[in-house]
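Some notes on the structure that comes next.
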Amino acid sequence: MAEYKLAVTTGSMKYAGTMDHIYATLIGTEGQSERTELDKIGFDFLTDSTRTYTIKPKSSLGNLLLLQLEKDPFLFLPENQWFCSKIVVTAPEGELLFPCYRWISRGELVELRGGKAKKSFEDVHPMLIEHREKDIMTRKNLYKWEITDEKIPHHLHYKHVSELPAEVQFSMTREDEIEYTKKNGVSPGIELKFKGMVGSTEQWEKIEDMNDIFCFQKTTISEYVAEHWKDDDFFGYQFLNGTNPTGIKKCSKLPSNFPVTDEMVKPFLAAGCSLKKEIKKGNIFICDNKIMDKIPTRMYGEEPLQMPASMCLLYLNPENKLMPIAIQLNQQPSEQNPIFLPSDSEPDWLLAKIFVKSAHALEFESVDHLLGTHFMAEIFTVAALRNFHPVHPLYKLLIPHFEYTLHINTLSRINLFGPEGILNNSTLGYEGTKELVRRGFAQITYSSLCLPDNIAARGLESIPNYYYRDDGLKLWNIINSYMNKMMEHFYPSDADVSKDAELQGWIQEVFTHGFLGNKHSGIPSDFTNVKDLVKFLTMVIFTVTAQHAALNNGQFDYLAWVLNGSLLLRKPPPTTKGQSILETILETAPNIGETVKFATLFLILSEKYSDMVLLGAYPDERFDGPEPKQIIQEFQAELSCLSEAIQTRNAELEIPYTYLNPTQIENSITI
Ligand code: FE2
């Protein structure tokens, strides 16, 4: 009689355990065991516990191929899902890891593959080949592409989070915490905290009153913003290290529709300098919001709102500060479209900057953050779930970087982007936001998603104090080296890449459904060598970890102070100099209720939740064998060194740049 010991681990998240009956069947090359109940004295499947069971078939099962799990009701109790983490089987031939890491419901037959990661062409046993094909067919039925707009990436077909398969849903802990944060932001009970601000249609009476928004939450940076939002050097700083650090480029030639003259800006340049010379020296930069040109906006009362497609010229001065020196609020120069200068009246210059920041914030939220990270992540995730079998090395490697992404995106399609979503309250409204995403998507290319190429294309390789670039490039290189080692291990030759049907299926769907078959995007439609695969995977992991952290985590810090980047401006931009007063700024800003609504959104999106997993942590043991584990440890060590270096650098800075410190970066997009 052979003996097989099964060490069964139940997950550590809330409600992971179950009282139900669990049955296991082992299937090997020489036969299968009886369906055996895993039952011992006492509680068997408690949250965060491991218990060992024995199965004794009459004879050896040969090499183990599959482990089947089933769950039956305990007495009359209602459904009690079980989160099985892993099962380690000690067979006469040795130890084998069967990763599970999913919820199991009654009536399901869950078949787990054990052992080392394998690509499909490495499976030789007919039962494994058949099982693998069947599993992928099931996945393709479970996760389908949906098209809601011909001009944006396809997405997962489920409309509501309640329909999502359990394996991609939030944990109960996460759901509870988000609900708590939401309630603390907007529920009637909390209205007292806001001193009656929720739902108020009153205009702010004084700019200082906006500090009331911080009565329930503030951060060191949000306070700094409230104090310094008017300062030109802080305005410039944020283009490099604020919540949207990707919106400027070097200006090597002044656009013909932005006729800034030397005379206009000379007073703001260093003594003896001219605009022409400074452009030549590489000291002039531009933020051009032309994506907003003639974009639809929503009605506000009887009038349509306005979102001018502004342009802002910035100068890197001898103190290495990036200073705005000229702003034109619309693309077409005209008398009603003056070029605003730092020497104009305070309200004029502030309003010009407020309109630039508002366009920047809207583009940031819809294009850079949601489309550029969340929706990109969804493309990679849906294609992965449909094409990779869980025993494939890239499933094991990528799935931890896709955790919760489908859940948060399904929520955002309703709560953020839907006709009733919060962005419907922005200047652009629902239709304008959709159009902005379409325009943004038309600009996304493979190289814009790759940080080194992106920085080079924008001519920002040497601008000083650009911590997003400095930390980001280091992270890019660390992730690249990690992917290089992993892919060298799993793909010894280019031929292994070419003949990996699941991998080719993945990238084909990314290209077709994600990038709509657009060859000009530069996104590959197949892989023929290891080098290209490594670069693509680096981009994927960088986008869903570092890039998302850089864009997502500073939203409350920088945007809660509404004049520093408002999603809504209620008045048209100034068309003549000298007509605005400080009161105009208060009339232009969102009213009190609208301000609270946006601040609550930024609070929820910037919150750290207790079940967050840090970049490179991989609490789930998915790889069997020492090599991948060793590579992961090296990755973690490099991240830890970078974290120390960033902390040392930050200790010297007036405003520490923390968003790309690995201790602040999540392993996937979860919020
Ligand atoms: Fe996010």
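Each value in this text was obtained by applying a stated rule to the coordinates, not by laboratory testing. Model, not experiment: these values are computed from the prediction. Heads up, the Cβs are rebuilt from the backbone with ideal geometry, glycines too, and the neighbour counts pull from every protein chain shown.
FRET efficiency for the pair GLU34 and LYS159, taken as 1/(1 + (r/R0)^6) with r the Cβ-Cβ distance and R0 = 51 Å, rounds to 0.75.
Suppose the chain between GLU205 and ASN141 were pulled fully straight at 0.36 nm per residue; how much longer would it get relative to their current alpha carbon spacing?
Working: separation 64, 0.36 × 64 = 23.04 nm, distance 5.60 nm.
Stretched fully, the GLU205-ASN141 segment lengthens by 17.4 nm.
Using alpha carbons only, how many degrees (0 to 90, rounded to 10) separate the axis of helix 232-241 from the longest principal axis of the chain? Result, in degrees: 20. Partner aspartates and glutamates whose Cα lies under 14 Å from the Cα of LYS277, excluding those fewer than 8 positions away in the same chain, are identified as ASP262, GLU263. Backbone geometry of segment 324-330 corresponds, through the Karplus equation with coefficients 6.51, -1.76 and 1.60 at θ = phi - 60°, to 3J(HN,Hα) couplings of x, 10, 7, 9, 10, 7, 10 Hz, x marking Gly and Pro. In this label model, GLU79 and SER498 are separated by 4.7 nm, measuring between points 7 Å along each Cα→Cβ vector.
Can you tell me how much longer the chain between GLU420 and LYS294 gets when fully stretched, taken as 0.36 nm per residue apart minus their C-alpha distance, in nm with one decimal? Intermediate results must be reported in sequence, preceding the final value.
Details: separation 126, 0.36 × 126 = 45.36 nm, distance 2.32 nm.
The span from GLU420 to LYS294 would gain 43.0 nm if fully extended.
Working from the pairwise distances between different alpha carbons, so that the mean of 1/r is found and then inverted, what is the chain's Kirkwood radius in Å? Before the final figure, lay out the partial values.
Numbers: mean 1/r = 0.0369 Å⁻¹.
For the chain, the Kirkwood estimate is 27.1 Å.
If you add up the charges near GLN633, with Lys and Arg at +1 and Asp and Glu at -1, over every other residue whose beta carbon is less than 12 angstrom from its beta carbon, what do you get? Could the numbers behind the result be given before it?
Working: positive: LYS485, LYS629; negative: GLU627, GLU634, GLU638.
In short, -1.
Near ASP232: Cβ cut-off under 15 Å, other residues only, Lys/Arg at +1 and Asp/Glu at -1. The net charge is -3. Once the Kirkwood radius over Cα pairs is known for segment 4-115, the Stokes-Einstein relation at 4 °C and 1.567 mPa s delivers a diffusion coefficient of 92 µm²/s. Rounded to the nearest 500, the helix-only mean residue ellipticity at 222 nm of the chain stands at -11000 deg cm²/dmol, with each DSSP H run of n ≥ 4 adding -39,500 (n - 2.57). One equal scatterer on each Cα of segment 315-468, no solvent, Debye formula: the resulting log10 I(q)/I(0) at q = 0.09, 0.15, 0.19 Å⁻¹ is -0.45, -1.05, -1.29. The alpha-carbon of LYS40 sits under 20 angstrom from the alpha-carbons of these aspartates and glutamates, leaving out residues fewer than 8 places away in its chain: GLU3, ASP20, ASP48, GLU70, ASP72. Loop-located chymotrypsin sites (Phe, Trp or Tyr not before Pro) in segment 1-57 (DSSP state not H, G, I, E or B) with no more than 15 neighbouring Cβ atoms inside 10 Å: TYR15, PHE43. Shown here for segment 102-143: GluC sites (Glu not before Pro) in loop regions (DSSP other than H, G, I, E, B) with at most 15 other Cβ atoms within 10 Å, namely GLU108. Computed from Cα positions, the angle between helix 626-651 and the longest principal axis of the chain comes to roughly 20 degrees.
Translational D (Stokes-Einstein, µm²/s) of segment 1-62 at 25 °C and 0.890 mPa s when Rh comes from the Kirkwood sum over C-alpha pairs?
194
For each pair in LYS230/LYS434; LYS58/LYS119; LYS294/LYS577; LYS396/LYS499, compute the distance between the two Cα atoms and list the pairs where it is over 25 Å.
Numbers: LYS230/LYS434 31 Å; LYS58/LYS119 32 Å; LYS294/LYS577 23 Å; LYS396/LYS499 19 Å.
Correct reply: LYS230/LYS434; LYS58/LYS119.
Using DSSP to call loops (not H, G, I, E or B), can you name the chymotrypsin sites (Phe, Trp or Tyr not before Pro) in segment 71-100 whose Cβ has at most 14 other Cβ atoms within 10 angstrom? Let's see the in-between values first.
On the way: sites: PHE74, PHE76, TRP82, PHE83; in loops: PHE74, PHE76.
Answer in residue order: PHE74, PHE76.
With each label modelled as a point 7 angstrom along the Cα→C-beta vector, the GLU95-ALA271 pair spans 7.4 nm.
Given the pairs LYS5/LYS485; LYS249/LYS474; LYS116/LYS531, which span a C-alpha to C-alpha distance of over 28 angstrom in this model? Let's see the in-between values first.
Details: LYS5/LYS485 33 Å; LYS249/LYS474 21 Å; LYS116/LYS531 23 Å.
Where the Cα-Cα span goes over 28 Å, the pairs concerned are LYS5/LYS485.
The slack between HIS489 and ASP48, meaning 0.36 nm per residue of separation minus the straight C-alpha distance, is 155.6 nm.
Centre-to-centre separation between the Cα atoms of segment 295-365 and those of segment 241-282: 15 Å. Cβ-Cβ distance of THR584 and GLU150, R₀ of 41 Å, FRET efficiency by 1/(1 + (r/R0)^6): the value works out to about 0.50. Remark: spin-label model distance ASN257-ASP532 equals 3.7 nm, labels positioned 7 Å along the Cα→Cβ axis. Sorting the segments 562-568, 609-615 by their mean number of nearby beta carbons within 10 angstrom, highest to lowest, gives 562-568, 609-615. Given R0 = 22 Å, the distance between the Cβ atoms of GLU621 and ALA645 translates into a calculated FRET efficiency of 0.15. Size check on segment 324-407: the Cα extents along the three principal axes, sorted descending, read 65, 23, 20 Å. The radius of gyration of the Cα set in segment 370-425, together with its Dmax, comes out at 13.4, 45 angstrom. Note on LYS118: aspartates and glutamates with a C-alpha under 15 Å away, same-chain residues under 8 apart excluded, are GLU130, GLU133, ASP135, GLU488, ASP496, ASP500, GLU502, ASP624, GLU627.
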